[in-house]
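The values are calculated or read from the model by the stated rules, or taken from the named source; none is laboratory data. Note that the coordinates shown come from a computational prediction; the quantities given were computed from them, not determined experimentally. Quick reminder, even Gly has a Cβ in these numbers, built from the backbone with ideal geometry, and neighbours come from all protein chains shown.
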């Protein structure tokens, strides 16, 4: 979590027009053809809006890595459904150049000088 009182920072991080990269590991069930993978990367439309290109790659037989520069409601789940995949798990692992998940439960830290959005 990033805590801020500055609405501009929040919008930059999570707004629909955010340019900040967000990386996810996504567990899926189902099969995905090469053309389906290409559609995930370049060819989908949600709610009548063409999605920005996404980096999508296989990590293993049931896990995809997504890197998005946009954050529409339930975007990854909906993208996967459109190509016949069912999402069984989803975890954000990076926002901008800040890796997530390295803190014990209940702990916090300041961002480093080299960590920005």
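Summary table
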| read-out | value |
| --- | --- |
| Residue within the range 23-44 that is at pLDDT below 90 and exposed (fewer than 12 other Cβ atoms within 10 Å of the Cβ) present | no |
| Residues of the range 97-114 classified as under 14 Å from residue 22 (Cα atoms) and in a loop (DSSP other than H, G, I, E, B), total | 3 |
| Count of residues meeting criterion [surrounded by 15 or more Cβ atoms within 10 Å (Cβ to Cβ), over 11 Å from residue 22 (Cβ atoms) and in contact (Cβ under 8 Å) with a residue 60 or more places away in the chain] in the range 64-96 | 2 |
| Checklist (1) within 26 Å of residue 107 (Cβ to Cβ); (2) in a loop (DSSP other than H, G, I, E, B); (3) in contact (Cβ under 8 Å) with a residue 12 or more places away in the chain; (4) out of contact with any strand residue (DSSP E or B) (no Cβ under 9 Å at 6 or more places or on another chain) applied to residue 31, failing item | (1) |
